[in-house]
């Protein structure tokens, strides 16, 4: 046990840092830049029952302090993943989280049924109820607490693998969504996925993204994510994995103080692929300088 | 496998080739010595994402890597204003380069910012001693950069070289002088499409270097896709321009 090891429910992580789904593929590319065993875990690209080509046209629009993407869950499909990438991920030396997406309740059931037999290789299933870039499923399920609870409890009955529900910030009341996941039997919630946004090309008077809208990520959304982690921490009994705009160790500390047990690093990997290495060193130094264990920080925020 | 790195390195030279096209030298021996023609680099600016540029040349001592920066937006405007001595952060080299081994002679076609990666390709092939012919296509004489008198020059407006597109230039080439040739093209999409068609009609293989709006440049965000032919349910597959390319077989791309 090192000073920066944490727990998410029963799951031990050697570090609070997890690579966020959709910003690390299955780990191959970032492994060219650093040894991923430094991480607490890696969350796979969002997977669907069938392979998905993703959205056509322009998929990225840079914004101030972040970017919009409308990739649209391009992925090789769950069967291909199991045959080609799962083994690789289990060899990375960190926790393996598989991100599960779908268009309907049946899709999620079929996905979890397929993945459940691999419980020796998969440390958690991250149920993506929050992708804003597909027409059905995902975010349309994740904005309705009744649907969240229903689907979580259905999936709960299919597997013992820890279920993390990744929620969308595009709701009025994030607490009711997080509570619904908890009631459905989730082991943790991941807060937050991207924020729905749009960028306009003033020359053509058309959206920059061919999908018109996309998910906003990067440092700009960090305050929103921190607020949502804090709000949910006050009402939940299950752990929270914080996600949104993390770029440095101070960002990780902020999330943990606000209530996160672990965090996900997303868009930062696009700009500085090896940033988790520096963040890890800085977190260790923080713990040493302050003679504390990182896990003791979770939820220590004192509200005014 | 060598560990790839994000380099912090210094700009050592800067000149303007045209009023809106800068040419900068970056002191980064590790990246410069391993870069091959067709690869690109990702350079930081004050904006959120890094900006991709094709490698235009490498100094003879293998220490300095050159890129051309054409101003197309705020990021490139800022980078074109960079001065020698400035420190930048760079991911390099990225992507796959051209196959310069499998063919005995090469016909290179370039236009727009494509003249930069084609320049590096030309320099490399020249050293190898293989027969190489270069066609450059520009809008007009004021746009002509990185030209050599041995190149076949074409301009749309006809104020320099042959009047017409690069195809008019290609048509002047004696293919009998080019045994087992491949055509390599980097330029605007219509130029690459037309060049590919020309190559196919002459029974030659053509390879192109595609350009797309990029997020990461290293293959993890899946933003810069190129639609390629595939034998699957969709009939196509979205390859990553940055990681699976930027060099693609012309015949593989869905134009």
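The values are calculated or read from the model by the stated rules, or taken from the named source; none is laboratory data. Just so we're clear, the structure is a prediction, and the values are computed from it rather than from any experiment. Quick reminder, even Gly has a Cβ in these numbers, built from the backbone with ideal geometry, and neighbours come from all protein chains shown.
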Exercise for the section: Go through region A:46-69 residue by residue and tally those that are facing chain B (nearest Cβ under 8 Å) and either more than 22 Å from residue B:48 (Cα to Cα) or under 13 Å from the mean Cα position of the chain (by Cα) (or both). Expected result: 5
Completion exercise
Scanning region B:82-123 residue by residue, the ones that are more than 14 Å from chain A (Cβ to nearest Cβ) and either without any contact (Cβ under 8 Å) to a residue 12 or more places away in the chain or farther than 27 Å from residue B:138 by Cβ (or both) total 8
Problem - Qualifying position, being over 30 Å from residue A:206 (Cβ atoms) and more than 14 Å from every other protein chain (Cβ to nearest Cβ), among A:41, A:77 - result: A:41
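Having 1 or more residues that are farther than 28 Å from residue B:226 by Cβ is the bar; report the strands (runs of 3 or more DSSP E) wholly within region A:30-114 that clear it. Before the answer, list the steps.
Values: elements: A:41-43, A:60-63, A:66-69, A:95-100.
It comes to A:41-43, A:95-100.
Name the strands (runs of 3 or more DSSP E) wholly inside region B:215-255 in which the number of residues that are over 20 Å from the mean Cα position of the chain (by Cα) is 1 or more.
Those strands (runs of 3 or more DSSP E) span B:225-229, B:236-240.
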Exercise for the section: For region B:132-159, name all the residues that are over 23 Å from residue B:69 (Cα atoms) and buried (at least 16 other Cβ atoms within 10 Å of the Cβ). Expected result: B:132, B:133, B:152
Problem - Qualifying residues in region B:204-255 (those that are within 12 Å of chain A (Cβ to nearest Cβ) and in contact with a helix residue (DSSP H, G or I) (Cβ under 6 Å, 6 or more places away or on another chain)) - the one farthest from residue A:215 (Cα to Cα) - result: B:228
Practice task
Could you list, in sequence order, all residues of region A:227-243 that are surrounded by fewer than 24 Cβ atoms within 10 Å (Cβ to Cβ) and in a helix (DSSP H, G or I)?
Solution key: A:227, A:230, A:231, A:233
Handout entry: Among residues of region A:272-281, those that are touching a strand residue (DSSP E or B) at 6+ places or on another chain (Cβ under 9 Å) and within 12 Å of chain B (Cβ to nearest Cβ), counted
Key = 4
Handout entry: Filtered residue count, region A:1-38, keeping only those that are buried (at least 19 other Cβ atoms within 10 Å of the Cβ), within 14 Å of chain B (Cβ to nearest Cβ) and either more than 30 Å from residue A:133 (Cα to Cα) or touching a helix residue (DSSP H, G or I) at 6+ places or on another chain (Cβ under 7 Å) (or both)
Key = 8
Exercise for the section: Answer yes or no: is there a residue in region B:48-68 that is within 14 Å of another protein chain (Cβ to nearest Cβ), part of a strand (DSSP E or B) and within 19 Å of the chain's Cα centre (by Cα). Expected result: yes
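Each row is one residue, and each column tells you yes or no for (1) exposed (fewer than 14 other Cβ atoms within 10 Å of the Cβ); (2) modelled with pLDDT of 95 or more; (3) over 16 Å from the mean Cα position of the chain (by Cα); (4) in the same structural domain as residue B:222 (by TED's automatic domain parsing).
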site	(1), (2), (3), (4)
B:102	yes, yes, yes, no
B:105	no, yes, yes, no
B:116	no, yes, no, no
B:121	no, yes, no, no
B:129	yes, no, yes, no
B:172	yes, yes, yes, no
B:186	no, yes, no, no
B:198	no, yes, yes, no
Handout entry: Verdict on residue A:186 being closer than 21 Å to residue A:19 by Cβ and surrounded by fewer than 20 Cβ atoms within 10 Å (Cβ to Cβ)
Key = no
Problem - Residues that are over 20 Å from the mean Cα position of the chain (by Cα) and closer than 22 Å to residue B:214 by Cβ, drawn from region B:69-89 - result: B:74, B:78, B:81, B:82, B:88, B:89
Handout entry: Checking residue A:267 against (1) closer than 28 Å to residue B:221 by Cα; (2) surrounded by fewer than 18 Cβ atoms within 10 Å (Cβ to Cβ); (3) out of contact with any helix residue (DSSP H, G or I) (no Cβ under 6 Å at 6 or more places or on another chain), the condition it does not meet
Key = (2)
Exercise for the section: Of the numbered conditions (1) more than 14 Å from chain B (Cβ to nearest Cβ); (2) closer than 24 Å to residue A:245 by Cβ, residue A:153 fails exactly one; give the number of that condition. Expected result: (2)
